[in-house]
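Dropping the structure in here first, questions after.
The values are calculated or read from the model by the stated rules, or taken from the named source; none is laboratory data. Keep in mind that what you see is a predicted model, and the values were worked out from it rather than measured. Cβ placement follows ideal geometry from the backbone for every residue including glycine, while neighbour counts extend to all protein chains displayed. Quick note on the areas: whole protein, heavy atoms, side chains included, nothing else; ligands and nucleic acids left out. Shrake-Rupley method; radii C 1.70, N 1.55, O 1.52, S 1.80 Å.
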Amino acid sequence: MHLCTIGTGTAAPSPTRVQSATLITQGETRLLVDCGSGAVFRMAQLGIDWRTITHVALTHFHADHTNDLANLFFAWRYGMLPPRTTPIDVVGPVGTAVLLDRLALAFGAGLRDAVPIQVREIGPGDSVALSPTLEIEAATVPHAPESVAYSVAGQGRRVVISGDTGFDAAFAEWAVGCDVLQLECSLPDQLAIPTHLTPRQCGAIAAIARPALLALTHFYPPVEDVDIEGQVAEGFDGRMLRAFDGWMLDLQET
Ligand SMILES: [Zn+2]
Ligand SMILES: [Zn+2]
């Protein structure tokens, strides 16, 4: 399994971080989790083949996680020769099919005519096989009403992606045993709100989940002015890092 954080930013424009997107690859299965603004450009910049993505999963419908969906579909239709005809599976919370219908209304037939789309709406606790050796499971998290986190697991490896979330001990318990816990780390203590995480809350979740590696992402600019590593370490003494656009990790499979 291979993990790449394509976009580690937020709704706040950043010179170095485009909006949320993460790619998980296992063999021929190439899963893009979220597709915020700049994700398609960043994939091209990083030399990541956006043409062969097999699945897209959405954690929730906020614009900083979905803004580039239309760009991705247009790239498949107009940005490659011949245009893509391979079907795409889109996994997301209830409402995903409506979101795609509305994008098609806004952008016209080019959005979805060329590429057959199979939408699989999943709720908390549901899981979907992406391939015979890779499965995605959803858990509810406190952010937008539809928000889910994802566990992507197969061949002895498991990656958990929080999407946007507030502190939630049940989510942390659900993540126990994962190899990589990718957590949002949005705001410093003085700007804390119930629907996003601070570094100390990331540490508290990681203290419960005990991932082999904690990878932080989704940084609003003010949080990068504080000692993120130090504040996380108050609760979690394991391995951690600040992800960046283009951070990649190979996970040995068993
Ligand atoms: Zn977000
Ligand atoms: Zn959000």
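To the nearest 10 square angstrom, what accessible area does residue 174 show with a 1.4 Å probe?
Residue 174 has an accessible surface of roughly 60 Å² with all protein chains in place.
Specify, per residue and in Å³, the volume enclosed by the convex hull of the alpha carbon atoms belonging to the chain.
Enclosed volume per residue, from the Cα hull, is 112 Å³.
Right, something else. Which one of 156, 38, 166 has the biggest mean-square fluctuation once the chain is modelled by GNM with Cα springs under 10 Å?
So, out of 156, 38, 166, the one fluctuating most is 156.
Under 8 Å for C-alpha pairs, at least 6 residues apart: give me the relative contact order for the chain, rounded to a whole percent.
With pairs under 8 Å counted, the relative contact order is 18 percent.
Under a GNM of the chain (C-alpha, springs under 10 Å), which listed residue has the highest mean-square fluctuation: 58, 134, 32?
It is 134.
What does the charge count near residue 25 come to, summing +1 for each Lys or Arg and -1 for each Asp or Glu among other residues with Cβ under 11 Å from its Cβ?
Computed value for this residue: -2.
At a probe size of 1.4 Å, how large is the accessible area of residue 180, to the nearest 10 Å²?
0 Å²
On to the next question. Estimate the FRET efficiency between residue 113 and residue 229 by the formula 1/(1 + (r/R0)^6), using the beta-carbon distance for r and 45 Å for R0, to the nearest 0.05.
FRET efficiency, residue 113 to residue 229: 0.40.
Let me ask you something else. How many angstrom separate the Cα center of segment 5-39 from the Cα center of segment 97-154?
Taking the Cα centre of each part, segment 5-39 and segment 97-154 sit 15 Å apart.
Please work out how much length the chain gains when fully extended from residue 247 to residue 101, using 0.36 nm per residue of separation minus the C-alpha to C-alpha distance, in nm with one decimal.
49.3 nm
Something else about it: I'd like the FRET efficiency for residue 63 and residue 28, computed as 1/(1 + (r/R0)^6) with the beta carbon distance as r and R0 of 30 Å, rounded to 0.05.
Working from the Cβ atoms, E equals 0.45.
Could you work out the local net charge near residue 210, counting Lys and Arg as +1, Asp and Glu as -1, over the other residues with Cβ closer than 13 Å to its Cβ?
Net of charged neighbours comes to -1.
For 171, 107, what's the largest-to-smallest order of accessible area, 1.4 Å probe?
Per-residue accessible area, sorted high to low, gives 107, 171.
With a ≥ b ≥ c the root eigenvalues of the C-alpha gyration tensor of segment 1-55, is it rounded (a/c under 1.5), prolate (a/b larger than b/c) or oblate?
Cα axes put segment 1-55 in the prolate bin.
Sticking with this one: Given 0.36 nm per residue, what is the gain on full extension from residue 45 to residue 127 after removing their alpha carbon distance, in nm?
Separation in residues times 0.36 nm, less the Cα-Cα distance, equals 26.3 nm.
Of 62, 196, which has the most accessible area with a 1.4 Å probe, and how do the rest follow in descending order?
Ranked list, largest accessible area first: 62, 196.
Accessible area, 1.4 Å probe, largest first: how do 150, 78 sort?
Listed by decreasing accessible area, they come as 78, 150.
Quick check: net charge around residue 114, other residues with Cβ under 11 Å of its Cβ, Lys/Arg +1 and Asp/Glu -1?
Charge balance in the 11 Å sphere: +2.
If each DSSP helix of 4+ residues adds -39,500 (n - 2.57) and the sum is divided by the residues in the chain, what number results at 222 nm, nearest 500 deg cm²/dmol?
-6000 deg cm²/dmol
Taking the chain as a Gaussian network, where each spring joins two C-alpha atoms under 10 Å apart, which residue of 149, 11, 175 fluctuates the most?
Highest fluctuation among the options: 11.
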